[in-house]
Amino acid sequence: MLNERNIKNFIVLTPLLGVILTSFILTKLFISEVKSQYKTEVQQLLIDEEIKVKEIVKNRIDNIISLLEKDYNQQIEAEKEDVKNIVDIAYNIIKNTYNKNKDKSKDLILSEINNQLRDLRFYENLSGYYFIFSDEGTTVLHPPLPHLEGINYKDYKDYKAKNTINKFINFLDKNDYGYITWEWYKPQETTIKQKIGYLKKFKPLNIFVGSAKYNEDVEEHVKNKLQELLNTITYDKNNYIFAYDKLGNTISHIKKELIGKNRFNLSVEGRLLIQEIINTAFNTKGSYISYLATINPLTKQPSEKISYIKLFKKTNWAIGTGMYNSIMLNNIKKKQLLMKENLDYTISKVIEYSFLITIFSMIIMTLISRKVGNIINIYKNDLKEINNTLEIKVKNRTKELENSKNKLKEMALRDPLTNLYNRRYFEHTIEKLISLAIRRKEKLCLLMLDIDKFKNINDTYGHDIGDEVLKKLADNLLELLRNSDVITRIGGEEFAIVFPNTPIEAGYQTADKIRKVIENLKIEVKKDILINFTVSIGITLFDENKDKDVHSLLKRADIALYEAKDSGRNKVVIFNEKK
């Protein structure tokens, strides 16, 4: 009986110890695997967060550069329009004076005109004045140099004056009015400077009137306007735009007292930081730098920062913005804390389940101790159940992690506002589509679509309505186009659409259909107030012989788009090589 009891105890205790040991080992292995996965995810989190920060600051600068480009061009046109309007005023004065004094001699009429125009000064610095010449080149009115009045510039000894009057006369032989550039002496200076002016004939008296601005004054005025715009742009309490000219003068900064001050020789921990920012802008097409910033608006203390720097070529400004490492680390800590909580929860559940399974096995072993013959089979079944449970959990956890990873990848390729694919996805995908088109010898069309006068919508109704316009456009594009078509928002109000296996005629028909649908859209701004908008579209066809890379294809589509804009907007234009 003793031997039998020992055998029974051995048969009972051995499987029992085996269950406990197996449960312990499997639990330890599983916990070790989960911790290893956690460390991998934390490392990837650091990489992803830095990539995200870099993308955010780069997009901000790219958008600001685009905004400044548009505003610069608008300001230049406004300066020219200002000169034209000033000359039109003088023309109307001349016309009215002539009509009232037709019965008088030409000399008396010109004298009356001179009396009305001589003392008029305009533009912000009151440097503007009117000049009048006869069609033969004789000076009728020249307020800064009245001693030249009555002198024919063709006979004047100054060759600059001769060249200028000949240029005026030749221009007005072909035009009754228009813009013209020339060089002239700037008051209070000895050097000759470039001017942009506007001339207009008054045929009844055989004269022409004009006025002008010095180009450097125009540029300086436009720079001041752009600087004002730049210093109104903010993101949040911690992030701001900074800008410097080539000499290190501060154009924009969160500390307004620094604006206008020269910081070229600013040294931070031995680094000539402003010089480094300027060199980065002038020697690259845009680049990141990491450094110790002189101030963090939140802490009022120096703080490590990563910034993106890019040159605005129109004014030679180095423009940048960045994000403080402390913000990035805080975001990482929050996400890491959540991941740690999930890890602890998973481990506690594994231990809990392991403990319950072990207790259950012990009870089973005790209850069936009298049935020695069935102990081995019961043990095998229990062990199999344990293994299956653990395997399912491992598979489920692996699947969850894979789904999370795929979701993060998808989010990185989507535009958060419209949920369309973004520029990164576009650049990655169009290369593949082009390769596929070449291999299959299929046609491929590229459309560039831009919302007409989108800035007016934002300025008039607010950016929330502008966002609604972008989303409405995106929804309609998704509804109108095929699943095989690639629709992307590549920046601001500009969209790129790729039509695989599509000839140019079919691409044009689809593009015009899009244009008509958008033209008829209505968006409710307020109750009973609806707005609509239009789009301009440029379209081109991939040419294997001409398109050695994607950039040439994009350039042709852009040219077609701007032709659609320049020819009146709300149009679809196919790229024409002959133009």
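Placing a label point 7 Å from the Cα of L337 along the Cα-to-Cβ direction, the residues of region 270-306 whose backbone N falls under 19 Å from that point are 299.
Panel order for V573, V222, by other beta carbons found within 10 Å of each beta carbon, from fewest to most: V222, V573. Between N215 and S267, full extension at 0.36 nm per residue minus the direct alpha carbon distance yields a gain of 15.1 nm.
Using the Cβ-Cβ distance between L108 and Q74 with R0 = 35 Å, the FRET efficiency computed as 1/(1 + (r/R0)^6) comes to roughly 0.20. Using 0.36 nm per residue and subtracting the Cα-Cα separation, the extra length available between N520 and K384 on full extension is 42.3 nm.
Dividing the helix sum by the residues of the chain, where each DSSP H run of 4 or more adds -39500 (n - 2.57), gives a mean residue ellipticity at 222 nm of -19500 deg cm²/dmol. Placing dummy labels 7 Å off each Cα toward the beta-carbon, the span from E577 to T534 is 3.1 nm.
May I ask what percent, to the nearest 5, of DSSP beta bridges between residues of the chain are antiparallel?
95 percent
What are the GluC sites (Glu not before Pro) within region 143-201 that DSSP puts in a loop, where the Cβ has at most 14 other Cβ atoms within 10 Å? For GluC sites (Glu not before Pro) across region 143-201 that sit outside H, G, I, E and B with at most 14 neighbouring Cβ atoms in 10 Å, the list reads E189.
Neighbour counting of Cβ atoms within 10 Å sorts the residues S287, S23, fewest neighbours leading, into S287, S23.
Calculate, for K471 and Q275, the FRET efficiency according to 1/(1 + (r/R0)^6) with r their C-beta to C-beta distance and R0 41 Å; round to the nearest 0.05. Can you show the working numbers first?
Values: r = 44 Å, r/R0 = 1.07.
Once rounded, the FRET efficiency stands at 0.40.
Out of the GluC sites (Glu not before Pro) in region 516-579, which ones are loop residues according to DSSP with at most 12 other C-beta atoms within 10 Å? Qualifying residues, ordered by number: E544, E577.
Panel order for K52, K305, by other beta carbons found within 10 Å of each beta carbon, from fewest to most: K52, K305. For N152, the residues 5 or more places off, or on other chains, whose built amide H falls under 5 Å of its own are T139. Pairs of alpha carbons in region 495-579 separated by more than 14 Å make up 67% of all such pairs. Which residues in region 35-55 have a backbone N closer than 13 Å to a point placed 7 Å from the Cα of E304 along the Cα-to-Cβ line? Zone members listed by number: 50.
For region 210-311, the gyration tensor built on C-alpha atoms gives a prolate shape. Its axis ratio a/c (a ≥ b ≥ c) is at least 1.5, and a/b is the larger of a/b and b/c. Modelled spin labels at E544 and T232, positioned 7 Å past Cα toward Cβ, are 5.3 nm from each other.
Quick one: Cα convex hull volume of the chain, Å³ per residue?
Numbers: hull volume 155.8 nm³, N = 579.
Per-residue hull volume (Cα only) is 269 Å³.
Only Cα sites of region 423-574 enter the Debye sum here, all with the same form factor; the resulting log10 I(q)/I(0) across q = 0.10, 0.11, 0.12, 0.19 1/Å is -0.35, -0.42, -0.49, -1.14, listed in q order. Treating the angle as unsigned and between 0 and 90°, give the value, to the nearest 10°, between the Cα long axis of helix 325-367 and the longest Cα principal axis of the chain. Helix 325-367 sits at roughly 20 degrees to that axis. Taken as Cα centroids, region 251-310 and region 472-501 sit 39 Å apart, rounded to the nearest whole angstrom. Here's the list of lysines a cross-link from K54 could span, going by alpha-carbon distance under 18 Å and ignoring same-chain residues fewer than 8 apart: K285, K305, K310, K409. A simple spin-label model places pseudo-atoms 7 Å from Cα toward Cβ; at Q188 and S32 they are separated by 8.3 nm.
Taking the longest Cα principal axis of the chain as reference, the axis of helix 159-174 is set at about 80 degrees. The trypsin sites (Lys or Arg not before Pro) of region 457-517 meeting both criteria, a DSSP state outside H, G, I, E and B (loop) and at most 12 other C-beta atoms within 10 angstrom of the site's C-beta, are R482. Considering only T294, N483, N73, the residue lying farthest towards the positive end of the dipole of the chain is N483, judged by Cα position with unit charges set on Cβ. On the beta carbon distance between T429 and K285, with R0 = 25 Å, the FRET formula returns roughly 0.60. Computed 3J(HN,Hα) for region 65-75, one whole-Hz value per residue from the Karplus formula 6.51 cos²θ - 1.76 cosθ + 1.60 where θ = phi - 60°, is 4, 4, 4, 5, 4, 5, 5, 4, 4, 5, 5, glycine and proline marked x.
Once the Cα atoms are used to define both axes, helix 106-117 deviates from the longest principal axis of the chain by about 40 degrees. Radius of gyration (Cα atoms) of region 81-212, expressed as a multiple of 2.2 N^0.38 Å: 1.00.
Which cross-chain or sequence-distant (5 or more) residues have an amide H under 5 Å from the amide H of R263, H modelled 1.01 Å from N in plane? Placed amide hydrogens put N249, T250 under 5 Å from R263.
The numbers here are math on the coordinates, done by the rules we state, and not lab data. Not measured: the values here are computed from a predicted model. For neighbour counting, all protein chains shown are included, and Cβ atoms are generated from backbone atoms with ideal geometry for every residue, glycine included.
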